[in-house]
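Asks: Provided herewith is a single structure, encoded as structure tokens, for subsequent inquiry.
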Amino acid sequence: MAFISLTEKLFTSTDSATDSVESCLDCLLKALANNNTEASVKIQEMGILPLLPTLLKPQSSCTPKVANIIAEVAKNEFMRSPCVEAGLIPPLIQLLNSTDQEVLLQTGRALGNICYDSHEGRSAVDLAGGAQIVAEHIKSLYQNTEPENEKLLTVFCGMLMNYSNDNDSLQAQLINMGVIPTLVKLLGIHSHNTALTEMCLIAFGNLAELESSKEQFASTNIAEELVRLFQKQTEHEKKEMIFEVLAPLAENDVIKLQLVEAGLVECLLEVVAQTVDGEREEDIAQLKTASDLMVLLLLGDESMQKLFEGGKGSVFQRVLSWIPSNNHQLQLAGALAIANFARNDGNCIHMVDTGIVQKLLELLDRHVNEGNVTVQHAALSALRNLAIPVVNKSKMLSAGVADVVLKFLQSEMPPVQFKLLGTLRMLIDTQAEAADQLGTNGKLVERLVEWCEAKDHAGVMGESNRLLSALIRHSKSKEVVRTVIQGGGVKHLVTMATSEHMIMQNEALVALGLIAALDLVAAEKDFVGANLVSVLHKLLSDERSAPEIKYNSMILICAVMGSEPLHKEVQSLAFIDVVSKLRAHENKTVSHQASLTEQRLTAQS
């Protein structure tokens, strides 16, 4: 009966009927409290929603109850669009200019619920400029710590969160309104209020996903506030909420450093210590989150160097102790952390001199047979980075790094294959003896040739070609050349010479030049089969080819002239025309080599 009675009262509403309207509104609120969904369906069926705007008057005593009813019905997804269609948004937005606390509270709830997961609701609020008014309210109220005010702030923060959740353009709008600095200050002042703090954290989590927010966050003391809040927490769920904000924020290098300076690392190490032996799901989750975040902080150059402290930092030492641990997550984080510390020569040299390589080799040995792929990948990444400085290469080779890495040659996992190849390539750079030893390893060369055809994995294919070339270039050995020819590697090096990456083209040409110089007879058949001469003609004719590509192509042409079938191909493709044009090349080395090549071609024509 309340529905019919209310409908009649609304149609005949006069000032004298206010009391009876209020009693009907009370009945509606009671019905919604008993069974929200059923009452909401009846409200829609009776056509009550379009009648409510007339009751949303700033001075009316009914207004808070009407706004409360709208907030309650909008808890149902099917009622949000009807609320917008009934024209409720504009009068609700008008009510945001009220000074009455209860009106503001219920209006904020109503708008927040209508916006929840509703494109129509958000668009209508956006059109009416509601977010701007709510943001201004938060700015003017955030310093007030009275309980009623904190309740209102919680509702307003929730409303902005529902308004912008998963919507980049609306999030960007809030960022441009300057809500971030206000919310950070609010968090600092109201950290004792659980509901408001949680609402702030969810809002931060939403906004932090947007790249444009990072600069604003970096200009506040968000790092200190979040670390202070984290230190107070004892419950897993609360820590997780803070972690969810920290992770996207820590992607920014400026904020990384701020978090390190605010003491986040110490908090993370404590979490690791508390959860490392835990078997509960929440312990395992916290250990993973804390150690992952630790690794993320080390991706920033300044934050990483601050924690390294010349290799004497307590954090660096703690992370080192993770590598021999029995926990896969800690082993992984430890190896990734070493890979991140190994981002400059000074750090790499120090780490190799203090025996870190041995720890990584022992870790890899534990993961050879049916090991953890992510740990294998991380440990190989660390070894690859450590092998970059020239002074480290021979030390790492002496420590047996190549032998341990070769144990993973049978891996079928592309990420492991990729890092394995990169590590070996770094190790043999300028190391003739090691290149000779590896280059005459038939099993290795056979696997490289196989991976040179891994078209589904461009990274593995590229690294295999580069390592094949490096074995020849750094060993300059006839035995290595012979092993590569026998293994079927020549055609891949010819293909590599046509790569879109100049560095790979050049590496291929130098290796092919050495093959031609050291064993042309054995390579002749493969050179013909791979159309080497035709490839060189294209490289020399192409104006986009870099000077070093042209230079090395001409060196190679001269080197293959000693082979009768290749010589015939050179003559048939009229190389003299292409080469004579290069005598006028602006690069002196190219023009000089063009003269020499032309003389050679003329003499042997």
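The values are calculated or read from the model by the stated rules, or taken from the named source; none is laboratory data. Keep in mind the model is a prediction, meaning the values are calculated, not measured. Positions of Cβ are generated from backbone atoms using ideal geometry, with glycine treated the same way; all protein chains shown enter the neighbour counts. Quick note on the areas: whole protein, heavy atoms, side chains included, nothing else; ligands and nucleic acids left out. Shrake-Rupley method; radii C 1.70, N 1.55, O 1.52, S 1.80 Å.
Asks: P(r) of the range 441-529 in 5 Å steps, Cα pairs, percent per bin?
Replies: In whole percents, the pair-distance histogram is 3, 17, 30, 28, 17, 6, 1.
Asks: Want the number for Asn149 to Arg366: 0.36 nm per residue separation, take away the alpha-carbon distance, what's left? Before the final figure, lay out each step's value.
Replies: Working: separation 217, 0.36 × 217 = 78.12 nm, distance 5.85 nm.
Extending this stretch completely gives an extra 72.3 nm.
Asks: A further question follows. Apply 1/(1 + (r/R0)^6) to the Cβ-Cβ distance of Ala195 and Ser321, taking R0 = 45 Å, and write down the FRET efficiency to the nearest 0.05. Provide the component values of the computation, followed by the final result.
Replies: Numbers: r = 40 Å, r/R0 = 0.89.
It comes to 0.65.
Asks: If I fit a long axis through the Cα atoms of helix 147-164 and take the longest principal axis of the Cα atoms of the chain, what angle between them do I get, 0 to 90°, rounded to 10?
Replies: 50 degrees
Asks: With a Förster radius of 56 Å, plug the Cβ-Cβ distance of Val528 and Asp353 into 1/(1 + (r/R0)^6) and report the FRET value to the nearest 0.05.
Replies: On the way: r = 50 Å, r/R0 = 0.90.
In this case the efficiency is close to 0.65.
Asks: Counting every Cα pair in the range 264-386, what percent are over 19 Å apart? Don't skip to the end; give the middle numbers.
Replies: Values: 3183 of 7503 pairs.
When all Cα pairs of the range 264-386 are counted, 42 percent exceed 19 Å.
Asks: Now for a different question. Can you give the relative contact order of the range 441-529 as a percent, counting alpha carbon pairs under 8 Å and 6+ residues apart?
Replies: Working: 98 pairs, mean separation 25.8, N = 89.
That works out to 29 percent.
Asks: Something else about it: So, taking all protein chains as they sit and a 1.4 Å probe, how much accessible area belongs to Arg425, in Å² rounded to tens?
Replies: Per-residue accessible area (Arg425): approximately 30 Å².
Asks: Multiplying the sequence separation of His501 and Ser572 by 0.36 nm and subtracting their Cα-Cα distance, what value in nm do you get? Present the calculation step by step, with values, prior to reporting the outcome.
Replies: On the way: separation 71, 0.36 × 71 = 25.56 nm, distance 2.87 nm.
My answer for the length gained is 22.7 nm.
Asks: Cα axis of helix 36-45 to longest principal axis of the chain: angle in degrees, 0 to 90, nearest 10?
Replies: Helix 36-45 sits at roughly 70 degrees to that axis.
Asks: As I understand it, the dipole of the chain uses +1 on the Cβ of Lys and Arg and -1 on the Cβ of Asp and Glu, about the Cα centre. Which of Leu152, Ser140, Ala516 lies farthest toward its positive end?
Replies: With unit charges placed on the Cβ atoms, the residue in question is Ala516.
Asks: Right, another one. Could I have the simple spin-label model distance between Glu211 and Glu102, label points 7 Å from Cα toward Cβ, reported in nm to one decimal?
Replies: Each label point lies 7 Å from its Cα, and together they span 5.0 nm.
Asks: Leaving out ligands, DNA and RNA, what percent of the accessible area of the range 26-118 is carbon and sulfur, probe 1.4 Å?
Replies: Numbers: 1980 of 3970 Å².
Here it works out to 50 percent.
Asks: Going by the alpha-carbon gyration tensor, a ≥ b ≥ c the square roots of its eigenvalues, is the range 299-446 rounded (a/c under 1.5) or, if a/c is not under 1.5, prolate (a/b greater than b/c) versus oblate? Before the final figure, lay out each step's value.
Replies: On the way: a/c = 2.10, a/b = 1.33, b/c = 1.57.
It is oblate, given that a/c is not under 1.5 and a/b is not larger than b/c.
Asks: For an R0 of 51 angstrom, estimate the FRET efficiency from the Cβ-Cβ distance between Glu279 and Ser20 and round to the nearest 0.05. Provide the component values of the computation, followed by the final result.
Replies: On the way: r = 63 Å, r/R0 = 1.24.
Computed FRET efficiency for Glu279 and Ser20 comes out at 0.20.
Asks: Peptides 27-36, 462-471: what's the order by average Cβ count within 10 Å, highest mean first? Present the calculation step by step, with values, prior to reporting the outcome.
Replies: Numbers: 27-36: 15.2, 462-471: 25.2.
So the peptides 27-36, 462-471, ranked by packing, come out 462-471, 27-36.
Asks: I would also like to ask the following. Per 10 Å bin, what is the whole-percent P(r) computed from every C-alpha pair distance within the range 531-604?
Replies: Binned Cα distances yield the sequence 21, 60, 18, 0.
Asks: If you don't mind, another one. Pop out the carbon and sulfur fraction of the accessible area of the range 441-529 as a percent, whole number, probe 1.4 Å.
Replies: On the range 441-529, the fraction of accessible area on carbon and sulfur atoms equals 52 percent.
Asks: What ratio of Cα Rg to 2.2 N^0.38 Å holds for the chain? Intermediate values should be presented prior to the final figure.
Replies: Details: Rg = 35.2 Å, N = 605, 2.2 N^0.38 = 25.1 Å.
In units of the globular-protein estimate, the chain measures up at 1.40.
Asks: Next up: Given Cα pairs under 8 Å that are at least 6 residues apart, what percent is the relative contact order of the chain?
Replies: Rounded, it is 5 percent for the chain.
Asks: Report the full-extension gain for the segment Asn34 to Asn176: residue separation times 0.36 nm, less the Cα-Cα distance, to one decimal in nm. Walk me through the intermediate numbers first.
Replies: Working: separation 142, 0.36 × 142 = 51.12 nm, distance 4.19 nm.
The Asn34-Asn176 span can extend by a further 46.9 nm.
Asks: So, with a 1.4 angstrom probe, what is the percent of accessible area on the range 531-604 that is carbon and sulfur?
Replies: Percent of accessible area from carbon and sulfur atoms in the range 531-604: 50.
Asks: Something else: Calculate, for the chain, the solvent-accessible area per residue in square angstrom, rolling a 1.4 angstrom probe over the heavy atoms of the protein chains. Spell out each step's value before the answer.
Replies: On the way: 26640 Å² over 605 residues.
That works out to 44 Å² per residue.
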